[in-house]
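Q: Let me give you the structure first, and then I'll get to my questions.
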Amino acid sequence: MSFTGSSVGPGGGTVRRALEFGRTYVVRPKGRHQATIVWLHGLGDNGSSWSQLLETLPLPNIKWICPTAPTQPITIFGGFPSTAWFDVGDISEDAADDIVGLDAAAAHVANLLSTEPPDIKLGVGGFSMGAATSLYSATCFTHGKYENGNPYPAKLSAVVGLSGWLPCSKTLKNKIGQDEAARRAASLPILLCHGKGDDVVPHKFGEKSSRALSSNGFQDTTFKSYSGLGHYTIPEEMDEVCAWLTSKLGLEGRSA
């Protein structure tokens with residue numbers, strides 16, 4: 001699956017660029033299949049590394065889908081290409097959001113979930129930029145459509161964001177005004193985890209993202225902080241994710 005973005009070419013003209021998503025890695029459930037979660041890696045990574053970690057978790061009822069982002073020029077890297085779900089110009093609260101890239105990434109997630117059986121609960125999660133894409137997907141689900149106006153087709157039952165941030169937080173209130181969107185927001189479980197020692201995506205971004213979600217009607221939002229944790233994950237954090245998913249998705253339980 002590919003999507004087309006735009007960049008400014010020589011002389012200021014707009015050049016269309018087609019970006020291909022990379023390889024997708026799938027971890028099949030070891031027990032009865034109850035849920036499918038698309039898990040999104042961070043900037044410069046790929047689906048393989050997270051699939052290897054997720055396979056070790058005691059969650060036998062979950063199928064994990066770990067796609068690889070397209071390789072594209074990244075503004076924060078001076079235009080140097082990297083695997084990324086969307087373009088990033090700056091890690092700051094006032095940075096502009098790459099709406100075209102976010103919509104394309106969220107659509108790719110929804111497409112990966114579209115072939116799952118109707119009785120399977122669906123979720124999305126990720127790390128860093130992958131967490132940002134997951135949270136953006138959550139807002140698309142509650143709003144019922146992407147920012148470009150196309151309908152969002154997947155029904156999400158859980159969203160997890162590790163060491164990430166909420167894109168488009170300033171316009172979130174505009175999306176949750178209607179009754180149906182407010183109902184979906186109120187009932188969607190979201191788990192945010194963030195290390196206090198994160199020097200890439202500061203801990204305050206996670207805190208503010210959690211507050212923005214809670215204050216805009218996402219009533220089932222949980223925020224967990226970890227002292228001394230940098231921009232990576234640790235077993236304690238993944239244990240939290242396992243317990244939370246087991247509870248929120250009503251899974252049969254852990255394997256030995």
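The values are calculated or read from the model by the stated rules, or taken from the named source; none is laboratory data. All values derive from a computational prediction rather than experimental measurement. No Cβ is skipped: glycine too gets one built from the backbone with ideal geometry, and neighbour counts run over all protein chains shown. The area values use the complete protein model at the heavy-atom level, side chains included, leaving out ligands, DNA and RNA. Shrake-Rupley method; radii C 1.70, N 1.55, O 1.52, S 1.80 Å.
Q: Before anything else, pin down the relative contact order of segment 89-174: Cα pairs under 8 Å, at least 6 apart, normalised by residue count, whole percent.
A: Once divided by the residue count of segment 89-174, the mean separation gives 34 percent.
Q: Compute for segment 139-232: radius of gyration divided by Kirkwood radius, i.e. Rg/Rh, restricted to C-alpha atoms, rounded to two decimals.
A: 1.00
Q: Run the simple label-point estimate for Ser48 and Lys170 please: 7 Å along Cα→C-beta, distance reported in nm.
A: Taking the simple label geometry, Ser48 and Lys170 are separated by 4.0 nm.
Q: Just the accessible area for Leu43, please: 1.4 Å probe, Å², rounded to the nearest 10?
A: The value for Leu43 is about 60 Å².
Q: Hey, with R₀ at 45 Å, roughly what FRET efficiency would Asn111 and Ser247 work out to, going by the Cβ-Cβ distance, to 0.05?
A: The calculated FRET efficiency here is 0.95.
Q: Name the most mobile residue of Gly123, Gly164, Gly230, meaning the one with the largest mean-square fluctuation, in a Gaussian network model of the chain with Cα contacts below 10 Å.
A: Taking springs between Cα atoms under 10 Å, the residue moving most is Gly230.
Q: Also, quick follow-up: Quick one: accessible surface of Tyr232, probe radius 1.4 Å, all protein chains present, in square angstrom to the nearest 10.
A: Spelled out: Tyr232, probe radius 1.4 Å, area about 110 Å².
Q: So what J values fall out for segment 70-85 if you push phi through Karplus, 6.51 cos²θ - 1.76 cosθ + 1.60 with θ = phi - 60°, rounded to Hz, Gly and Pro as x?
A: Computed from phi, the couplings for segment 70-85 are x, 8, 8, x, 10, 4, 5, 9, x, x, 5, x, 7, 6, 7, 6 Hz.
Q: How do Phe80, Phe223, Phe218 stack up against each other in accessible area, from largest to smallest, with a 1.4 angstrom probe?
A: Largest accessible area first, the list is Phe80, Phe223, Phe218.
Q: Moving on to the next point. Kindly report the accessible area of segment 85-137 per residue (heavy atoms of protein chains, probe 1.4 Å, no ligands, DNA or RNA), in Å².
A: With all protein chains present, segment 85-137 gives 33 Å² per residue.
Q: Here is a follow-up. Where the accessible area of segment 156-208 is counted over protein heavy atoms with a 1.4 Å probe, how much of it, in %, is carbon and sulfur?
A: 48
Q: Roughly what % of Cα-Cα distances in segment 156-202 sit above 18 Å, to the whole percent?
A: So the pairs more than 18 Å apart make up 45 percent of the total in segment 156-202.
Q: Which entries of Lys145/Lys173; Lys63/Lys196; Lys170/Lys204 show an alpha-carbon separation above 26 angstrom in the structure shown?
A: The pairs that break the limit, which is 26 Å between Cα atoms, are Lys63/Lys196.
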